[in-house]
1. Between Tyr49, Tyr155, Tyr175, which gets the highest mean-square fluctuation from a Gaussian network model of the chain, Cα cutoff 10 Å?
2. On a 31 Å Cα-Cα criterion, which of the cross-link pairs Lys104/Lys176; Lys67/Lys203; Lys96/Lys176 come out too long?
3. Only bridges whose two residues both fall in the chain count here: according to DSSP, what percent of them are antiparallel, nearest 5?
4. With the cut-off at 1.5 for a/c, could you classify the chain from its C-alpha gyration tensor as rounded, prolate or oblate?
5. Could you work out how far the C-alpha centroid of the range 14-68 sits from that of the range 128-197, in angstrom?
6. Mind listing the long-range amide H neighbours of Thr152? Cut-off is under 5 Å, sequence gap 5 or more, other chains count too, H placed in the peptide plane at 1.01 Å from N.
7. Taking the Cα-to-Cβ direction at Lys104 and at Asn167 and moving 7 Å from each Cα, how far apart do the two end points lie in nm?
8. Counting helices only, and only those DSSP H runs with n ≥ 4, report the 222 nm mean residue ellipticity of the chain as the sum of -39,500 (n - 2.57) divided by its residues, in deg cm²/dmol to the nearest 500.
Amino acid sequence: MEIIMFIAAPAAGKGSHAKLLSKKYNLPHISTGDILREISKEDSEIGAYVHETLASGKLVKDDITYKLIEKRIGEMDCKNGFIIDGFPRNYEQALKFDEILNKKNVKLSHVFVLDVDKEILEKRIIGRRTCEDCGRVYNLNNPLERPKQESTCDYCGGHLFQRSDDNIKSFEERYKMYLIKTAPIIEYYEKQGVVTHVDGNHKLEDSFKAIDDIISKDSDISDNNKK
Ligand code: ADP
């Protein structure tokens, strides 16, 4: 069972690395942000609450995230492990995550912390665009990640949109939340001896290589999972 977690500030590259690992090792990528963005489209009281909270940059209430995470981890495709991005985001969620893993009698394999400077995060936030059809992520501020046409996906032709929380005001709140609530849990995992810090300031392929060098040595990653 391979359980890989990413902890990092907004736009540090959690989702991009998780997607690459998911493809390479055939493990599901669980992003609480992506699940919440889907919920935010629902025409319901919860949908409206989540929509408003995401746009503000604040954290969604724990009871909502607990329910969705327990349900998702319980699904069949997680039986050989999974990659989790966006959870836990505070100390209470970290305790809840341990409780879920203990119940399943499984252990966390790795926590990767992506270290990125705030000025670089700001640039990535402003330039980030996502395809509404296939979910591919681009960045207008990075020549290596720019789409050929500003608002069209190179792969599927879908429309590229900017997330409602990808603006400087929301970013400041999300970054503050990260420093106050999320960053302190790194120490909790350091005590468990599972943390690796990765420099995420440079090219995605460089930080991906650093991460993959560690994971590819794991005996839990069976040959069946490798692609
Ligand atoms: P980023 O890390 O770039 O801020 P995410 O997609 O991970 O993006 O999260 C977007 C938003 O979703 C967060 O700002 C927060 O409002 C909400 N969210 C995601 N995960 C959680 C969580 N575990 N607990 C509470 N809120 C969450």
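A short reminder: the numbers here are calculations on the coordinates, not readings from a lab. On a predicted model such as this, the values are computed, not experimentally measured, just so you know. Here Cβ is always computed from backbone atoms with ideal geometry, including for glycine, and neighbour counts include all displayed protein chains.
1. Tyr155
2. Where the Cα-Cα span goes over 31 Å, the pairs concerned are Lys104/Lys176; Lys67/Lys203.
3. 30
4. Cα axes put the chain in the rounded bin.
5. A separation of 12 Å, based on Cα centres.
6. Leu160
7. With each label placed 7 Å out from Cα toward Cβ, I get 3.7 nm.
8. Computed ellipticity for the chain at 222 nm equals -13000 deg cm²/dmol.
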